[in-house]
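The values are calculated or read from the model by the stated rules, or taken from the named source; none is laboratory data. From a predicted model like this one, the values you see are computed outputs, not experimental measurements. Cβ sites come from the backbone with ideal geometry, for glycine too, and all protein chains shown count toward neighbours. When the accessible area is computed, the model is the full protein with side chains, heavy atoms only, and any ligands, DNA or RNA have been set aside. Shrake-Rupley method; radii C 1.70, N 1.55, O 1.52, S 1.80 Å.
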Amino acid sequence: MALSEFESKKVERAVSRFIEKRRPPPHIRPELDMGFRLSGQSIEIFEIRPVWNNPKEKMEHPVAKATFVKARSIWKVYWMRADLKWHSYSPVPTVGNIEKFLELVENDKHACFFG
């Protein structure tokens, strides 16, 4: 089940604030930027870079993902491994709110999100 409109707006505001704090200075953004997307009950954070052999084209590099489980009121936390698949973040597989997820990503104690 997707997030309600109210929940979606709350999540978008929180993640927008997180992204704005982490974004590089404006003059670097053509080479490296950050973004996010909210799709259904999942939020995905990613880096945006030019494709190495075609700098006019942009590509997204996934950083972190959280999926809301409404029945349990928790967020499942995922990270992208080298196999290019999302895996549960085993140190902290679930959190109670989006702010805790963003705190995990920010601290990145195990270098899973930003390497």
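For LYS109, a cut-off of 24 angstrom between C-alpha atoms picks up these lysines, skipping any fewer than 8 places away in its own chain: LYS21, LYS65, LYS76, LYS85, LYS100.
Sum up the charges of everything whose Cβ sits under 9 Å from the Cβ of LYS58, counting Lys and Arg as +1 and Asp and Glu as -1, but leave LYS58 out. All intermediate terms of the calculation are to be shown ahead of the outcome.
Working: positive: ARG49, LYS56; negative: ASP33, GLU57, GLU60.
The answer is -1.
Charged side chains reduced to their Cβ positions (Lys and Arg at +1, Asp and Glu at -1) give the chain a dipole of some 160 debye around its Cα centre.
Label sites at ALA82 and ASN97, each approximated as a point 7 angstrom past Cα along Cα to Cβ, lie 3.8 nm apart.
Counting only alpha carbon atoms, the long axis of helix 5-22 and the longest principal axis of the chain meet at about 40°. Shown for the chain: the carbon plus sulfur share of the solvent-accessible area, taken with all protein chains present and a 1.4 angstrom probe, equals 53%. Compared with the direct C-alpha span, the chain from LEU32 to ASP108 gains 25.4 nm at full extension, assuming 0.36 nm per residue.
Lys and Arg at +1, Asp and Glu at -1: add these up for the other residues within a Cβ distance under 10 Å of GLU44 and post the number. With Lys, Arg at +1 and Asp, Glu at -1, the neighbours total +1. Once the mean 1/r over all distinct Cα pairs of the chain is inverted, what Kirkwood radius in angstroms do you read off? By the Kirkwood definition, the hydrodynamic radius is 14.8 Å.
Between the helical axis of 98-107 and the longest alpha-carbon principal axis of the chain there is an angle of about 40 degrees. When you count the other C-beta atoms within 10 angstrom of each residue and take the mean per peptide, 30-41, 49-60, 91-102 line up highest first as 91-102, 30-41, 49-60. Taking every alpha-carbon pair under 8 Å whose residues sit at least 6 apart, the chain reaches a relative contact order of 17 percent. Based on protein heavy atoms only, the chain ends up with 63 Å² per residue of surface accessible to a 1.4 Å probe.
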